[in-house]
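Enquirer: Have a look at this one before I ask anything.
Since every read-out is calculated from the coordinates, none of them should be taken as a lab result. Remember, it's a predicted structure, so these values are computed and weren't measured experimentally. Please note: Cβ atoms are built from the backbone with ideal geometry, for glycine as well, and neighbour counts cover all protein chains shown.
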Amino acid sequence: MTPATHGFLSPSGVEIAFLLVGLVTIGAALVTVTTRQLVHAALWLVVTLGGLAVEYLLLTAEFIAWVQVLIYLGSVVVLLLFGLMLTKAPIGRSPDADSGNRPVALAVAVVAAVSLVWVVVDAFRTTWIDLDGPAQGSTEVTGHFLFRNWVLPFEALSVLLLAALVGAIVLSRKRATAARNSRGGSGTENGRSGKEQR
């Protein structure tokens, strides 16, 4: 007897789970960019990045999945929330967060997505994965590519995150100084008006 062939109309449990998690991840990403509450957007971003980590696990790329959890969920989202707290972003609905340029933003997003898909398909059209070699998501293969081909972008990203943190601190200090000056100015004006009345 020949073993049953695995076809498109008979997906495995892993493929069904991959599809369901992908749909949840896409929905969370859409909510992230459409909600008007900044804190909720950051929390939905946690769901989106967590869904990507699960997708990596389903693709047997455990190392990349844990890097996704440690770096993006554990560092980038915390940095975003820290920046929101430092800049005193509103907790509730923020009408100022919507500039009214949604059609332009949607057009740019569609063009960027189509361009990204086209680049990926064109780059990996004739690429074959060696199933007998080490897993593509293993530590050995990922470390080889990371420290040979992607060292500069990796370091540039760390500098960018540090610059964002420093910028949030500078903005919060400027607002605190301006608020202090406005309070001091109103106090001196009240004192002068009281003296003039006397």
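Enquirer: Residues of region 103-128 with amide nitrogen under 19 Å from the 7 Å Cα-to-Cβ point of Leu59?
Expert: 113-128
Enquirer: Still on this structure: For an R0 of 22 angstrom, estimate the FRET efficiency from the Cβ-Cβ distance between Leu43 and Leu161 and round to the nearest 0.05.
Expert: 0.70
Enquirer: Using per-residue counts of other Cβ atoms within 10 Å, averaged over each peptide, order 16-29, 140-153, 44-57 from highest down.
Expert: Averaged packing, sorted descending, gives the order 44-57, 16-29, 140-153.
Enquirer: Full extension from Thr127 to Leu20: what is 0.36 nm times the residue separation minus their Cα-Cα distance, to one decimal in nm?
Expert: 35.8 nm
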